[in-house]
1. To the nearest 0.05, how large is the calculated FRET efficiency for residue 40 and residue 127 if R₀ is 25 Å and r is the Cβ-Cβ distance?
2. Give the carbon-plus-sulfur fraction of the accessible surface of the range 55-122 in %, rounded to a whole number; probe 1.4 Å, heavy atoms of protein chains only.
3. Over the alpha carbons of the range 66-140, what is the largest minus smallest coordinate on each principal axis, giving the biggest first in Å?
4. Sum up the charges of everything whose Cβ sits under 13 Å from the Cβ of residue 51, counting Lys and Arg as +1 and Asp and Glu as -1, but leave residue 51 out.
5. Grab the other residues whose beta carbon is less than 12 angstrom from that of residue 70, score K and R as +1, D and E as -1, and report the net.
6. Rg/Rh for the range 26-114 to two decimals, with Rh computed the Kirkwood way over all alpha-carbon pairs.
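The values are calculated or read from the model by the stated rules, or taken from the named source; none is laboratory data. Given the structure is predicted, the values throughout are model-derived calculations rather than measurements. Every residue, glycine among them, receives a Cβ derived from its backbone with ideal geometry; neighbour counts consider all protein chains shown. To get the accessible areas, we keep the full protein, side chains included, count just its heavy atoms, and leave off ligands, DNA and RNA. Shrake-Rupley method; radii C 1.70, N 1.55, O 1.52, S 1.80 Å.
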Amino acid sequence: MASIGTLAKLRTLSNGSDQTLTPIEQARRIAGLAQEKLAEDVVILDMRPACSYTDFFVICTGRNPRQTKAIWDEVHERLKHEGRVLPQRVEGVSEGSWIVGDYLDTVLHVFTPEARDYYRLEELWGDVPSVSVETASATA
């Protein structure tokens, strides 16, 4: 489990406040940004019971590699400019079938339908609880 000291900090620039989001708030923020770019089947998995390297997975689908890249670009740019948060590692952007962005407390997975069906992360981690995405919001 990521410690409070390793929380990725998002600062709300619109009102000038310095607000650190909790890991679940960060996951919901990422999910909301993905939804704004029309990501499909957005799921948030609570990974805290199963692993020590992250708290949440946000998993979503783009219709094709071009859309997965657009989803990734939106999340990346908005977190970078609005929240001053950069991923620790990113993989798969050039191919676009599975893009992974590691924000420490939250790991974003953006799949094409074929890649998501092949890797089946929800089934692999089927014993971890999911978090309601209906409450996901792109606003911090």
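1. Numbers: r = 24 Å, r/R0 = 0.96.
About 0.55, to the nearest 0.05.
2. Numbers: 1580 of 3220 Å².
It is 49 percent, rounded to a whole number.
3. That gives 34, 30, 21 Å along the principal axes, largest extent first.
4. Numbers: positive: 48; negative: 46, 55, 102, 105, 127.
With Lys, Arg at +1 and Asp, Glu at -1, the net is -4.
5. Spelling it out: positives minus negatives among the neighbours equals 0.
6. Numbers: Rg = 11.8 Å, Rh = 12.6 Å.
That ratio is 0.94, to two decimals.
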